[in-house]
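The values are calculated or read from the model by the stated rules, or taken from the named source; none is laboratory data. A quick note: this is a predicted structure, and the numbers were derived from the prediction, not measured. Cβ coordinates were reconstructed from backbone atoms using ideal geometry, including for glycine residues, and neighbour counts include every protein chain displayed. All accessible areas refer to the heavy atoms of the entire protein, side chains included, with ligands and DNA or RNA removed. Shrake-Rupley method; radii C 1.70, N 1.55, O 1.52, S 1.80 Å.
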Amino acid sequence: MFIITGKIAMNEIGFPGLGLGPFTIDSTAFTVFGHEIKWYGIIICVGMILAYYYAWTRAKYEGIKTDDLIDLALALMIFGIAGARIYYIIFELDSYIATGGTFFSNLWNTIKNMFSIHNGGLAIFGGIIAGFFTAMVVAKIKKIRFPILLDVLAPSVMIGQLVGRWGNFMNGEAYGVETTLPWRMSITQVLSSGFKSATIEVHPTFLYESLWNLIGFVVIATL
């Protein structure tokens, strides 16, 4: 593993055991009015759209109304993101607490740090936990049998995950320990200054989870 300081401009990622790469990958897709739009966010949005589309097609066969599904999707989006953020902050709390100023300035800056979601910091476990309880409440309000709703949501979540994990690939993150296996992934971080980190060869855990979710989706969706 390695740690370097400075802003990472891009990553050089390859699969040397398979003769692929290295490829230079920029995590920023494009810029709008000075704001960087990350590939991670785009890929996550695509995953959410595909997950909703599948849920919509399956919900029809389960007798769930489209309007109810739309209400559920909006609630899941809001509370799922909130849950993912809160979960992340709980385990990284020290990095969000501002110090060095007055009590009120530190309090204000701490709150700003916690709400600065555009700087990253979401945990899928928090999103799933919040999503589960959100779905339970919506099912109660809409008078939908909760087990039936879970049948719709479980494979949809897997679609979102199998697509969304490729956002980790674009960021050059969420990899495993170093390995010499044929499918190992090499990563070299390139700073905005042009400095390059030492290359490491690691387990592509993002790919493992993406494939695992694909298998899980096929198994559950065909039951």
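Restricting to region 193-218, name every residue that is part of a loop (DSSP other than H, G, I, E, B) and under 20 Å from Thr180 (Cα atoms).
Ser197, Ala198, Thr199, His203, Pro204
Is it true that Ile70 is under 15 Å from the mean Cα position of the chain (by Cα) and either at negative phi or not acidic (Asp, Glu) (or both)? Talk me through it step by step, then tell me what you get.
Working: under 15 Å from the mean Cα position of the chain (by Cα): no; either at negative phi or not acidic (Asp, Glu) (or both): yes.
In short, no.
Give me a count of the residues in region 176-190 that are open to solvent by 30 Å² or more (accessible area, probe 1.4 Å) and either of a type in the set (D, E, K, R) or not in a loop (DSSP other than H, G, I, E, B) (or both).
Result for region 176-190: 2.
Are there any pairs with C-beta distances below 9 angstrom linking a residue in region 81-104 that is on the phi > 0 side of the Ramachandran plot to a residue that is open to solvent by less than 80 Å² (accessible area, probe 1.4 Å), with the two at least 6 apart or on different chains, and if so which?
Note: pairs meeting the criteria are Gly100/Asn106.
Cβ-Cβ under 8 Å, sequence separation 6+ or interchain: first residue in region 157-175 and farther than 21 Å from Gly21 by Cα and open to solvent by 50 Å² or more (accessible area, probe 1.4 Å), partner of a type in the set (Val, Ile, Thr) and assigned to a helix (DSSP H, G or I). Which pairs?
Val157/Ile128
Could you please find all residues in region 37-48 being of a type outside the set (Phe, Trp, Tyr) and surrounded by 13 or more Cβ atoms within 10 Å (Cβ to Cβ)?
The answer is Lys38, Gly41, Ile42, Ile43, Ile44, Cys45, Val46, Gly47, Met48.
Scan Phe23, Phe33 and give me the residue that is aromatic (Phe, Trp, Tyr), in contact with a strand residue (DSSP E or B) (Cβ under 8 Å, 6 or more places away or on another chain), open to solvent by 30 Å² or more (accessible area, probe 1.4 Å) and over 22 Å from Met158 (Cβ atoms).
Going through Phe23, Phe33 in turn, just one is aromatic (Phe, Trp, Tyr), in contact with a strand residue (DSSP E or B) (Cβ under 8 Å, 6 or more places away or on another chain), open to solvent by 30 Å² or more (accessible area, probe 1.4 Å) and over 22 Å from Met158 (Cβ atoms): Phe23.
Criterion first (without any contact (Cβ under 8 Å) to a residue 60 or more places away in the chain, surrounded by fewer than 19 Cβ atoms within 10 Å (Cβ to Cβ) and more than 27 Å from Ile220 (Cβ to Cβ)) does Ile78 satisfy it?
So Ile78 fails the test.
I'm trying to understand the selection: among the residues of region 113-129, which are outside any loop (DSSP other than H, G, I, E, B) and open to solvent by 20 Å² or more (accessible area, probe 1.4 Å)?
Asn113, Met114, Phe115, Ile117, His118, Asn119, Ile124, Phe125, Ile128, Ile129
Considering only region 94-108, state which residues are part of a helix (DSSP H, G or I), open to solvent by less than 60 Å² (accessible area, probe 1.4 Å) and within 28 Å of Gly167 (Cβ to Cβ).
Listed by number, the list is empty, since nothing qualifies.
Output yes when any residue across region 59-73 is closer than 16 Å to Ala130 by Cβ, at pLDDT below 95 and open to solvent by 70 Å² or more (accessible area, probe 1.4 Å), and no when none is.
Looking through region 59-73, none of the residues is closer than 16 Å to Ala130 by Cβ, at pLDDT below 95 and open to solvent by 70 Å² or more (accessible area, probe 1.4 Å).
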